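Visitor: Dumping the structure here so I can ask a few things about it.
The values are calculated or read from the model by the stated rules, or taken from the named source; none is laboratory data. Remember, it's a predicted structure, so these values are computed and weren't measured experimentally. With ideal geometry, Cβ positions are generated from the backbone for all residues, glycine too; neighbour counts draw on all protein chains shown. The area values use the complete protein model at the heavy-atom level, side chains included, leaving out ligands, DNA and RNA. Shrake-Rupley method; radii C 1.70, N 1.55, O 1.52, S 1.80 Å.
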Amino acid sequence: MKKCWLTFMAACLTGVLLAGCSSGSDGAAGDAASKDSAPAAAQQEPADDSSKDGGKSTDSAGDAKEKRTIGCVIISGTNPHCQIFEEGFRSVVEENGDEAVVLDADYDPGKLMSCLSDLIAQNVDGIVVESCDNQAPIQSIKEAADKGIVVAAADMLLDVKEEENILVSQTVSDNYDGGYQCGLDFAKRANGEEKNYLIMDFETNTAAVERVQGFQDAIADQLNLHLLETNQPNPETLEAKLALMDTWIQKYDKIDCVFAYHDPAAMACVQALEAAGKLKGTLVYGVDGNIDAIQAISEGKMTATAKQQPDQLAILSTKNMYRVLNGEAIDGDWLTKVPIIFIDETNAKEFLDE
């Protein structure tokens, strides 16, 4: 009897051992065992649960990837144009599940270089530069490229050639055409009458230089249009723009037109002319397409603006940066010029209603 009992216990033990070895099988017993084991539970944790790991995000296929940090330097956080640029940049970074770091150069080339140095020190993966100067950021961009940071430039055409291989792309507005369209409109409104005009320039800003050149080329054959003066605010502040326009008001008895290199400068001219009681009958042109300028056009205070598309500038340049970061080629030419949209009293309301 005792021998039978020992035989029975040995058989039971053998069955248990066999059941344990078959836990990875397709049977019901195997499923139950795998759910209870620690390794299997770890395998069942969702791979794309980024809430459990702040350093992870997912790509378009839903696979887990390391979260990257993408930096951006904007010209000025107070300029509506730059605010829209920032929104476009952030939209692409967020779409890729990465972290965006945006720094403000505040129209200062020295601060621009400092912002780039900060991003390099943070060891970001990529940078999009919206520069206020065509020379200042170049050395910092070279340093970033040497460290393997992918850099794309937007909004201002930097003094960099494609073969230098430090920028993956440059994306700018068609600034020359913006000034040219304003010049054509000025000539049309003058209709052959003798008119005096002023130009508010910004010589270290290539975008501004191109706009002024376009404006002047458009009216080059108009002998009835007379340039009184070209000058620039110093420094690049609202106060300096107002002061320059005030100086012109005191200096010249007859001002028929002012072309300003961008909308904030044009709006400063409007403000100074209005305060002096000389806005009526004076044509004021700008470039940017900022909402306050479009509102002023609709109210008859400002004449026209050449609207840029800052969201497209940011989106295109940021996508180019990502393509190279992902080991791909950019989509299009190394230098892309985004068209402008001319806005005057005939279509201003359309853009206010957007």
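Visitor: Could you say which residue among Ala304, Ala243, Ala296 is of a type in the set (Gly, Ala, Ser) and under 24 Å from Gln213 (Cβ atoms)?
Guide: Ala304
Visitor: What pairs can you find where one residue is in region 119-139 and within 29 Å of Lys65 (Cβ to Cβ), the other is among the basic types (Lys, Arg) and open to solvent by 10 Å² or more (accessible area, probe 1.4 Å), and their Cβ atoms are less than 7 Å apart, with a gap of 6+ or different chains?
Guide: Hits for this filter: Ile120/Lys147; Asp125/Arg68.
Visitor: Still on this structure: Check whether at least one residue in region 124-135 is in a helix (DSSP H, G or I), in contact with a Lys or Arg (Cβ under 9 Å, 6 or more places away or on another chain) and of a type in the set (Asp, Glu), and report yes or no.
Guide: Within region 124-135, not a single residue is in a helix (DSSP H, G or I), in contact with a Lys or Arg (Cβ under 9 Å, 6 or more places away or on another chain) and of a type in the set (Asp, Glu).
Visitor: When you look at Ser117, is it among the polar types (S, T, N, Q), outside any strand (DSSP E or B) and crowded, with 18+ Cβ neighbours inside 10 Å, yes or no?
Guide: no
Visitor: Which ones in region 304-332 are hydrophobic (A, V, I, L, M, F, W, C), within 27 Å of Gly286 (Cα to Cα) and open to solvent by less than 10 Å² (accessible area, probe 1.4 Å)?
Guide: Hits for region 304-332 are Ala304, Ala306, Leu313, Ala314.
Visitor: With the structure loaded, tell me whether Glu94 is of a type in the set (D, E, K, R), more than 10 Å from the chain's Cα centre (by Cα) and not in a strand (DSSP E or B) or whether it fails that test. Break it down stepwise before answering.
Guide: Working: of a type in the set (D, E, K, R): yes; more than 10 Å from the chain's Cα centre (by Cα): yes; not in a strand (DSSP E or B): yes.
Here the answer is yes, as Glu94 does meet what is asked.
Visitor: Right, something else. Of the numbered conditions (1) among the aliphatic types (A, V, I, L, M); (2) closer than 26 Å to Gly110 by Cβ; (3) at pLDDT 95 or above, Ala207 satisfies every one except a single condition; which is it?
Guide: Checking Ala207 against (1) among the aliphatic types (A, V, I, L, M); (2) closer than 26 Å to Gly110 by Cβ; (3) at pLDDT 95 or above, the one that fails is (3).
Visitor: Another question about this same structure. Yes or no: Gly126 open to solvent by less than 20 Å² (accessible area, probe 1.4 Å), of a type outside the set (D, E, K, R) and farther than 25 Å from Asp288 by Cα? Full working, then the answer.
Guide: Values: open to solvent by less than 20 Å² (accessible area, probe 1.4 Å): yes; of a type outside the set (D, E, K, R): yes; farther than 25 Å from Asp288 by Cα: yes.
Spelling it out, Gly126 is indeed open to solvent by less than 20 Å² (accessible area, probe 1.4 Å), of a type outside the set (D, E, K, R) and farther than 25 Å from Asp288 by Cα.
Visitor: Only one of Gly300, Gly332, Gly327, Gly289 is on the phi > 0 side of the Ramachandran plot and touching a strand residue (DSSP E or B) at 6+ places or on another chain (Cβ under 8 Å). Can you tell me which?
Guide: Checking each option against the conditions leaves just Gly289.
Visitor: Tyr107 is checked against (1) surrounded by 18 or more Cβ atoms within 10 Å (Cβ to Cβ); (2) in contact with a helix residue (DSSP H, G or I) (Cβ under 8 Å, 6 or more places away or on another chain); (3) touching a residue at least 60 places away in the same chain (Cβ under 8 Å) and fails just one. What number does that condition carry?
Guide: Tyr107 satisfies every listed condition except (2).
Visitor: Moving on. Quick check on this structure: which one of Ala266, Ala304, Ala276 is touching an Asp or Glu at 6+ places or on another chain (Cβ under 6 Å), under 23 Å from Glu193 (Cβ atoms) and of a type in the set (A, V, I, L, M, F, W, C)?
Guide: One residue alone meets the criteria, Ala304.
Visitor: Still on this model: Test Ile84 against the stated conditions and say whether it is open to solvent by 60 Å² or more (accessible area, probe 1.4 Å), of a type in the set (A, V, I, L, M, F, W, C) and under 12 Å from the mean Cα position of the chain (by Cα).
Guide: Yes; evaluated as a whole, the condition is true for this residue.
Visitor: Mind listing whichever residues of region 137-149 are open to solvent by 20 Å² or more (accessible area, probe 1.4 Å) and either among the hydroxyl-bearing types (Ser, Thr, Tyr) or assigned to a loop (DSSP other than H, G, I, E, B) (or both)?
Guide: Lys147, Gly148, listed by residue number.
Visitor: Something else about it: Tell me which of these Leu279 doesn't satisfy, since it passes every other one: (1) free of Cβ contacts under 8 Å to residues at least 24 places away in the same chain; (2) open to solvent by 30 Å² or more (accessible area, probe 1.4 Å); (3) in contact with a helix residue (DSSP H, G or I) (Cβ under 7 Å, 6 or more places away or on another chain).
Guide: That leaves (2) as the condition not met.
Visitor: Looking at region 287-311, I want the residues that are farther than 15 Å from Gln181 by Cβ and have a partner that is surrounded by fewer than 24 Cβ atoms within 10 Å (Cβ to Cβ) and among the acidic types (Asp, Glu) with Cβ atoms under 8 Å, at least 6 apart or on another chain. Which pairs are those?
Guide: Ser298/Glu345; Gly300/Glu345; Lys301/Glu274; Asp311/Glu87
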